[in-house]
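Beneath this line is the structure, given in structure tokens, with notes to follow.
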Amino acid sequence: MSPGGQFLVSPNMPSTLFPRPVLRATGYANKQTAQKVATMVASLRDRGEFDLLDAVVDGKTTLFDVHQAQVQNKLEELKKMLKRVPIEPFIEPWLESCAANGLSKASVNLYRRRMQKLLAPDGEQPVVFADELTEAKILKLIPKLNVTSGTARQYLHELQSFCRHLVAEGVMGHNPAANRDIIKRPKKNKGRRRWVREDVDLAIVDAAEPEYQGVFAFLHGTSADRGDVTRLRRRDVNLNQRYVDLDGNDKSETRRRMGVPVEPWALPYLVRACEGLKPEDLVFAGLSLDAISRAHTHATKKAKVKNYLLRDSRHSYAIRAILRGAAIADVSEWLGHASLATTYETYVHFDGEVKRILKAGSGIREGEDVTSNTSSARKSGRPRRRTSRKPLASKANGSHRSPDTE
């Protein structure tokens, strides 16, 4: 086309031989302005500055932006901006590599949400380009998360993994999140010592929405965690003998717990949840981890139970079992702990009767590294010992016969 027309010819980079030309609109209806744009393009071509022209051809910028940058004498700034690498296209490949290394689907989704929250904090300018992820920027991002120190520590660990992926892809020269001289690791959360009686757990379950009552009865009455909810199948629940098998995640065998007793108060809810299901059916299908947490927070508020997190229910289950006289070895199995020492060190710090029972009957001294036979079996590759399926008896509620118990 003629220089004064509405289209001009732009060569394709990087070849110095002009391949087949690509037509691009100047974006200006005014012939005089179009002439100036065409002259600018010819000047860039004659000087061999094909980076800007190629960016127009590739859709990374427009002739309008290039012309405005020239008018404002900011062509060099535009070139630098076009060389910047956006972060967003690398997030999914990073998550795929994490999944290939054994990260569960639920954890992959958690990583994705956390990375989105970290890189786009509320009320702040989002981090778009890789060169923005500096040590100074990370130091500003972490405090804005408004999470506990332990959770902030997890965010930083995941950001370090993502930056390591960017380094491997040649996008970054070093991993800024791994610089411990500048970025100090947040402290781990202090161990929580909150537990409640059966009637409090029951009040929370009854306060929950109907579709979550079976979920919370399962969580509070079996020492299960949120991940177990999404994996539990009908074949894992033995209503007659009142126990569940918690298979753990796909990555670790150490979380597999067999024959975990169901507390009597929770059994009727599991009976209702399992009605009409086939052995391979999921008992609680279609629930996300975040939805479970939100529903639990709502239920505790409705039941007027303060400072009681979902993970505290494992403490409640364990302590109630100890107070009923359950062997520490069995409690350790039900919780999925790697050793008896882990269980002892966790619960000996609870005051009162629990501490007295543990010190009197566990046979383990505080600080002693003693592993159970089960832990040794795991390390040696021998099959795990199946724990007793004897149902837990409740002092408060007495024995309970489920509808399908003979």
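General remarks:
- Filter result for residue 331 (aliphatic (A, V, I, L, M), part of a helix (DSSP H, G or I) and in contact with a helix residue (DSSP H, G or I) (Cβ under 7 Å, 6 or more places away or on another chain)): yes
- If the condition is being under 16 Å from residue 217 (Cα atoms) and surrounded by 12 or more Cβ atoms within 10 Å (Cβ to Cβ), then region 263-281 contributes 263, 264, 265, 266, 267, 268, 269, 270, 271, 272, 273, 274.
- Any chance residue 309 is part of a loop (DSSP other than H, G, I, E, B) and in contact with an Asp or Glu (Cβ under 9 Å, 6 or more places away or on another chain): no
- Cβ-Cβ distances below 6 Å connect the following pairs, each with a first residue in region 334-353 that is free of Cβ contacts under 8 Å to residues at least 60 places away in the same chain, a second residue that is hydroxyl-bearing (Ser, Thr, Tyr) and part of a loop (DSSP other than H, G, I, E, B), and a separation of six or more residues or different chains: 339/371; 339/372; 340/372; 344/362.
- The residue list 185, 113 contains one member that is farther than 30 Å from residue 286 by Cα and loosely packed, with under 15 Cβ neighbours inside 10 Å, which is 185.
- Of all residue pairs spaced 6 or more apart or on separate chains, those with beta-carbon atoms under 8 Å, a first member in region 72-96 that is in a loop (DSSP other than H, G, I, E, B) and a second member that is of a type in the set (Val, Ile, Thr) are 85/171; 87/127; 87/128.
- Residues in region 123-131 include none that are of a type outside the set (S, T, N, Q), loosely packed, with under 13 Cβ neighbours inside 10 Å, part of a helix (DSSP H, G or I) and free of Cβ contacts under 8 Å to residues at least 60 places away in the same chain.
- Residue among 171, 127 that is among the β-branched types (Val, Ile, Thr) and touching a Lys or Arg at 6+ places or on another chain (Cβ under 8 Å): 127
- Unmet requirement for residue 238, which otherwise passes all of (1) within 27 Å of the chain's Cα centre (by Cα); (2) surrounded by fewer than 17 Cβ atoms within 10 Å (Cβ to Cβ); (3) at negative phi; (4) not small (Gly, Ala, Ser): (1)
Only the coordinates and a few stated rules stand behind these numbers; no lab work does. Quick caveat, the model's predicted, so the values are computed rather than measured. Virtual Cβ from ideal backbone geometry, glycine too; neighbours counted across all protein chains shown.
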